[in-house]
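Notes follow the structure.
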Amino acid sequence: MPLSIVIPAYNEEKRIERTLSELVSLFHDDQILVIFDGNDKTPDVVRKYPVELVVSTRRLGKGGALREGLLRSKGDYVVFLDADLPVGKEDLMRVIQEARDHDLVITTRIFRNMPTNRSFLHRAFVSVAKVFFPSLSFVRDFQSGLKVARREKLLQVKDELVMSDWLFDVNLIYSFVRRGFSVKEVEVRWDHEDQGSKISRKVMKVSLMMFLSLVKLRTFYSPFRGILQTGAYRWAESRIVDALR
């Protein structure tokens, strides 16, 4: 079961070393890709390990980094994984094994230490996302940073993966569901690490950006898609993104 493990890494120098050490020991025969688009010393840490490093000179966003990793992947299955590796070895291997029988395996996080405000916003986002995309009513968790998919199916939907931010996950799941691909959701125990979290530092800005991104994604899958290509929309979007980052 050849794998390509794709890790988005925006300024992850303090968290990614433990992750790479663990992954290299577990998956030494598989492709491990780190996509870096930040401005810290993450590349220096990554170069200590026998993995592939892609350094982008422009900000990609989480979704953009995952899409870049997909395009460079070689394995039959692609694992999308957060840089802090918040799941244990047993859960990680179990999720990968589940992918043998499905086109996409997503994970529902069973949190051990999620702050109350983050937990509330997580539940609120799930509810709002289902209003925008009723066919995803079965999904319990969109934003979990561990997903595994057949590369063959990912390449079929890659032109639909237009979200470069945290909405990439919703974008990915919906693109699979609307094509009738097999999607399985698996529970995993999740260690939330607030230190170094990009979301926790600016949770309200991220929440607003995610809501606006839901509107954008719903528009993309509507007869009004052309609006997203207009100069006025692109100008407004760039100003909003700059203000919320």
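The values are calculated or read from the model by the stated rules, or taken from the named source; none is laboratory data. Just so it is clear, the model here is predicted, and its values are computed rather than measured. Reconstructed Cβ throughout: ideal geometry from the backbone, glycine too, with neighbour counts over all protein chains shown. The protein model used for the area step is the full one, side chains on, heavy atoms only, and it has no ligands, DNA or RNA in it. Shrake-Rupley method; radii C 1.70, N 1.55, O 1.52, S 1.80 Å.
Data for the structure
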quantity	calculated
Size-normalised alpha-carbon gyration radius of the stretch 93-150, reference 2.2 N^0.38 Å	1.26
Extended-chain gain in nm, criterion 0.36 nm per residue less alpha-carbon gap, residue 112 and residue 24	29.1 nm
Among 139, 65, 120 - extreme Cα towards positive end, dipole of the chain, charges at beta-carbon	120
Residue pairs, from the table 14/89; 48/153; 14/130; 41/184; 89/205, whose Cα atoms sit over 25 Å apart	48/153; 14/130; 41/184; 89/205
Projected-area mean, the chain, by convex hull of Cα positions, square nanometres	12.5 nm²
Whole-number D in µm²/s for the stretch 1-137 (Stokes-Einstein; Kirkwood sum over Cα pairs; 37 °C, 0.692 mPa s)	201 µm²/s
Two-decimal Rg/Rh across the stretch 139-185, once Rg and the Kirkwood Rh are taken from alpha-carbon atoms	0.91
Within a Gaussian network of the chain (alpha carbon springs, distance under 10 Å), most fluctuating of 140, 151, 59	59
q = 0.34 Å⁻¹, the stretch 1-42: log10 I(q)/I(0) [Debye, one scatterer per Cα]	-1.19
Within a Gaussian network of the chain (alpha carbon springs, distance under 10 Å), most fluctuating of 135, 175, 127	135
Accessible-area order (highest first, 1.4 angstrom probe) of the listed residues 132, 220, 211, 168	211, 132, 220, 168
Lys, Arg +1 and Asp, Glu -1 on Cβ, resulting dipole of the chain about Cα centre, debye, nearest 20	820 debye
Relative packing of peptides 86-92, 52-58, 119-125 - highest average C-beta neighbours within 10 Å first	86-92, 119-125, 52-58
Extent along principal axes [Cα atoms of the stretch 30-84; Å; largest to smallest]	32, 24, 19
P(r) weight above 18 Å for the stretch 63-182, C-alpha pairs, percent	52 percent
